[in-house]
Amino acid sequence: MTIFPSLKRLSKERRINFFWVILMLLTLFATYIAESATPSHFIVLVICFTTAIKGRFVMDEMMGLREAIPGIRYTIYSYFILLPIFIALSIIFPEFLVKITTINP
Amino acid sequence: MNTATMPTDAQALNTSPPDSAELHKIKYGIGNFAIWFLIIIELSEFAFFFIVFLIGKAHYPEIFYQGPPQLNTMAAMLNTLLLITGSFCVARAVAAIRRDDRKHAVFFLWLTFFMGFSYCIIKIWEYQWNIEAGFDSSSNYFFGIYYYLTFNHFVHVLMGMSVILWVTIGLHMGHYNSKHHATLESGGLYWHMIDLVWLVIFPLLYVLR
């Protein structure tokens, strides 16, 4: 799956330049949100989604993970899908995590 | 059977057995078994630390809520920008060597090393800033995990810089070209892994409350 299919026409170098700028902007956006907005579940979801997108851009455009064999590609893709989901869920529903990780409650 | 995919006699006669670089490309696409194994192990190790952090956060919400505002977010943001730029430079170096442009490949590899070095300087300054503010690894659970995670990542950056230095020297010595650059590519993959881990550390420790 390609997130920006129209960019396929660009040369490899130009694609790298483009995604570098996007990654920098996403980092500045996440930092701005963190410093200015009141903490909420919505902010947690936005930050986790931004993290997943940034990870995907680094894997696809910088690492060249699309060229790797499917077994490796999907293992590493899943890292940046499962981890942000787990982070969001554990912050939104901490009681459940406490319940399953408490010894002798 | 689809006859369009079958080689003609002439093609079959002209086909020489693939060399090791070609076999390697067929088997893994990019990188090799050793580097992918290492990357998956390293990512799993950090995933374990992230889970420990989240469990701590769930059990001690007050301490972990107060933690991020006590950290130097500006230093962390600068380090994120440096590591992303480092990844960009490695990607450009690999793209350059694939078209036999050694001059640009060397330039971008040295730039990557410089990004790593700058990261280390900012991280040391951040630790100094924390200590002056009265926060060390024994301050509370948040700072305990913060120091453990960030110092572990710092050590990985140092290893990544060594790898980048190694492949840069190799490139200076003419070891890589457009056909044979698997080691350079693997060194680059290791650097990207370090960047990927930081992309999770930054929001987890400094941003999310």
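Restricting the stretch A:48-103 to residues that are assigned to a helix (DSSP H, G or I) and among the polar types (S, T, N, Q), which is farthest from the other protein chains (Cβ to nearest Cβ)?
Filtering the stretch A:48-103 for residues that are assigned to a helix (DSSP H, G or I) and among the polar types (S, T, N, Q), the one farthest from the other protein chains (Cβ to nearest Cβ) comes out as A:SER78.
For B:PHE117, which of the numbered conditions (1) part of a helix (DSSP H, G or I); (2) modelled with pLDDT under 95; (3) of a type in the set (Phe, Trp, Tyr) fails to hold?
(2)
Pick from the stretch B:29-52 the residues that are at the interface with chain A (Cβ under 7 Å from one of its Cβ atoms) and assigned to a helix (DSSP H, G or I): which of them is farthest from A:MET59 (Cα to Cα)?
Among them, the one singled out is B:PHE50.
Each row is one residue, and each column tells you yes or no for (1) closer than 16 Å to B:CYS89 by Cβ; (2) free of Cβ contacts under 8 Å to residues at least 40 places away in the same chain; (3) aromatic (Phe, Trp, Tyr).
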position	(1), (2), (3)
B:SER118	yes, yes, no
B:ILE131	no, yes, no
B:GLY134	no, yes, no
B:TYR148	no, no, yes
B:VAL155	no, yes, no
B:THR183	no, yes, no
B:LEU189	yes, no, no
B:TRP198	yes, no, yes
B:ILE201	no, no, no
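Within the bounds of the stretch A:73-82, is there any residue that is of a type in the set (D, E, K, R), within 19 Å of B:LEU204 (Cβ to Cβ) and at pLDDT below 95?
Within the stretch A:73-82, none of the residues are of a type in the set (D, E, K, R), within 19 Å of B:LEU204 (Cβ to Cβ) and at pLDDT below 95.
Return a yes/no flag: does the stretch B:162-169 have any residue that is surrounded by fewer than 19 Cβ atoms within 10 Å (Cβ to Cβ), away from chain A (no Cβ under 14 Å) and at pLDDT below 95.
The answer is no; no qualifying residue exists.
Is it the case, given these coordinates, that B:TYR146 is more than 14 Å from chain A (Cβ to nearest Cβ) and buried (at least 21 other Cβ atoms within 10 Å of the Cβ)? Walk me through it before giving the result.
Numbers: more than 14 Å from chain A (Cβ to nearest Cβ): yes; buried (at least 21 other Cβ atoms within 10 Å of the Cβ): yes.
Judged against the criteria, B:TYR146 is a match.
Considering only residues that are out of contact with any Phe, Trp or Tyr (no Cβ under 6 Å at 6 or more places or on another chain), of a type in the set (A, V, I, L, M) and more than 10 Å from chain A (Cβ to nearest Cβ), which ones fall in the stretch B:53-77?
B:ALA75 - this is the single residue of the stretch B:53-77 that is out of contact with any Phe, Trp or Tyr (no Cβ under 6 Å at 6 or more places or on another chain), of a type in the set (A, V, I, L, M) and more than 10 Å from chain A (Cβ to nearest Cβ).
Given (1) at pLDDT 65 or above; (2) of a type in the set (A, V, I, L, M); (3) in a loop (DSSP other than H, G, I, E, B), identify the lone condition not met by B:MET1.
Answer for B:MET1: the failing condition is (1).
Condition check ((1) farther than 30 Å from A:ARG14 by Cβ; (2) among the small types (Gly, Ala, Ser); (3) in contact (Cβ under 8 Å) with a residue 60 or more places away in the chain) across all residues:
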{"position": "A:PHE49", "(1), (2), (3)": "no, no, no"}
{"position": "A:ALA52", "(1), (2), (3)": "no, yes, no"}
{"position": "A:GLY55", "(1), (2), (3)": "no, yes, no"}
{"position": "A:VAL58", "(1), (2), (3)": "no, no, no"}
{"position": "A:LEU65", "(1), (2), (3)": "no, no, no"}
{"position": "A:ILE69", "(1), (2), (3)": "no, no, no"}
{"position": "A:PHE80", "(1), (2), (3)": "no, no, no"}
{"position": "A:ILE85", "(1), (2), (3)": "yes, no, no"}
{"position": "A:LEU97", "(1), (2), (3)": "yes, no, no"}
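The values are calculated or read from the model by the stated rules, or taken from the named source; none is laboratory data. Small disclaimer: the values here were computed from a predicted structure and weren't measured. Using ideal geometry, Cβ is built from the backbone for each residue, glycine included, and neighbour counts are taken over all protein chains shown.
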